Amino acid sequence: MIRPDRRSLLAAAGAALIVPARARAQDLAPTPTMRGGANNYRPGAPLVARIGGGGFTTFGTVRRAGDGAPLANHRIQVWAHTTEGHERDARSHGATLTDAEGRFSIEMPQIVPAFGQPHGHLAYDAEQDAGYGGGAYGTVFLRPVMASASETSLEVDFVLTPA
């Protein structure tokens, strides 16, 4: 019986762990809409650099399901209950566009608890996105809950399915 030495075992194990990025990305599942995500949604919220006085950052990425390709120039709307307004107030809503790498970021006032939970709302609305060159993907509404009201940022990623 031939026993491999430690070096050949480590090399074989390392080779087994190397999976091309393209193969891994083929399995990227779409983001499902969350219950309560569309609460107080306002179609047509304006594109803004920031909502209110800022101090809190909501950011993330938008990618295509399956291959994980970044989606540029797609409209993401953000709204929340903040130190400056309730999530139903027009001044608490704003939208931004993704960059070439599918990233988005928007400054807003600090999110505060509503109904006992600090949470934001984000939407990719295909109908609203159509005016910006998008609209080829299914609409997704999200309502991520933060671990603590003292957090100063919220990261949210979208994986969209072609419509």
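Name the one entry in P113, P118 that is crowded, with 20+ Cβ neighbours inside 10 Å and over 15 Å from the mean Cα position of the chain (by Cα). Show your work before the answer.
Details: P113 fails: crowded, with 20+ Cβ neighbours inside 10 Å.
Sole residue among the options that is crowded, with 20+ Cβ neighbours inside 10 Å and over 15 Å from the mean Cα position of the chain (by Cα): P118.
Could we say that R50 is of a type outside the set (S, T, Y), over 20 Å from F141 (Cβ atoms) and at pLDDT 95 or above here? Before you say what the answer is, go through the steps one by one.
Values: of a type outside the set (S, T, Y): yes; over 20 Å from F141 (Cβ atoms): yes; at pLDDT 95 or above: yes.
It is true that R50 is of a type outside the set (S, T, Y), over 20 Å from F141 (Cβ atoms) and at pLDDT 95 or above.
How many of the residues in the range 80-110 are buried (at least 20 other Cβ atoms within 10 Å of the Cβ), touching a Leu at 6+ places or on another chain (Cβ under 8 Å) and on the phi < 0 side of the Ramachandran plot?
Final tally of qualifying residues: 5.
Looking at the structure I just gave you, is G60 more than 22 Å from T161 (Cα to Cα) and of a type outside the set (S, T, Y)? Before the answer, list the steps.
On the way: more than 22 Å from T161 (Cα to Cα): no; of a type outside the set (S, T, Y): yes.
It is false that G60 is more than 22 Å from T161 (Cα to Cα) and of a type outside the set (S, T, Y).
Is it the case that some residue within the range 99-116 is in contact with an Asp or Glu (Cβ under 9 Å, 6 or more places away or on another chain), hydrophobic (A, V, I, L, M, F, W, C) and farther than 18 Å from N40 by Cβ?
Checked against the condition, which is being in contact with an Asp or Glu (Cβ under 9 Å, 6 or more places away or on another chain), hydrophobic (A, V, I, L, M, F, W, C) and farther than 18 Å from N40 by Cβ, the range 99-116 yields no hits at all.
For G44, which of the numbered conditions (1) in contact with a helix residue (DSSP H, G or I) (Cβ under 8 Å, 6 or more places away or on another chain); (2) at pLDDT 95 or above fails to hold?
The failed condition is (2).
Of all residues in the range 135-163, which are more than 19 Å from W79 (Cβ to Cβ) and in a loop (DSSP other than H, G, I, E, B)?
Filtering the range 135-163 for residues more than 19 Å from W79 (Cβ to Cβ) gives 135-138, 147-148, 150, 159-163.
Answer for the range 135-163, where residues must be more than 19 Å from W79 (Cβ to Cβ) and in a loop (DSSP other than H, G, I, E, B): G135, A136, G138, A147, S148, S150, T161, A163.
Just checking, does the range 44-55 include any residue being in contact with a Gly (Cβ under 8 Å, 6 or more places away or on another chain), among the β-branched types (V, I, T) and not in a strand (DSSP E or B)?
Going residue by residue through the range 44-55, those that are in contact with a Gly (Cβ under 8 Å, 6 or more places away or on another chain) are 45-48, 50-52.
Filter once more, so that each one left must be among the β-branched types (V, I, T): 48, 51.
So of that shortlist, the ones also not in a strand (DSSP E or B) come out as 48, 51.
Looking for residues that are in contact with a Gly (Cβ under 8 Å, 6 or more places away or on another chain), among the β-branched types (V, I, T) and not in a strand (DSSP E or B), one finds at least one in the range 44-55, hence yes.
Mind telling me which of the residues R91, R103, R143 ends up being within 14 Å of G37 (Cβ to Cβ) and basic (K, R)? Working first, answer last.
Working: R91 fails: within 14 Å of G37 (Cβ to Cβ); R103 fails: within 14 Å of G37 (Cβ to Cβ).
The conditions single out R143.
Against the condition out of contact with any helix residue (DSSP H, G or I) (no Cβ under 6 Å at 6 or more places or on another chain), loosely packed, with under 15 Cβ neighbours inside 10 Å and among the β-branched types (V, I, T), how does T61 come out, does it pass?
On the way: out of contact with any helix residue (DSSP H, G or I) (no Cβ under 6 Å at 6 or more places or on another chain): yes; loosely packed, with under 15 Cβ neighbours inside 10 Å: no; among the β-branched types (V, I, T): yes.
In short, no.
Going through the range 66-104 one residue at a time, which ones are closer than 25 Å to P162 by Cα, of a type in the set (V, I, T) and outside any loop (DSSP other than H, G, I, E, B)?
First pass over the range 66-104, keeping only residues closer than 25 Å to P162 by Cα: 66-79, 94-104.
Those left that are additionally of a type in the set (V, I, T): 76, 78, 96, 98.
Within the range 66-104, I76, V78, T96 meet the criteria.
The values are calculated or read from the model by the stated rules, or taken from the named source; none is laboratory data. Model, not experiment: these values are computed from the prediction. Every residue, glycine among them, receives a Cβ derived from its backbone with ideal geometry; neighbour counts consider all protein chains shown.
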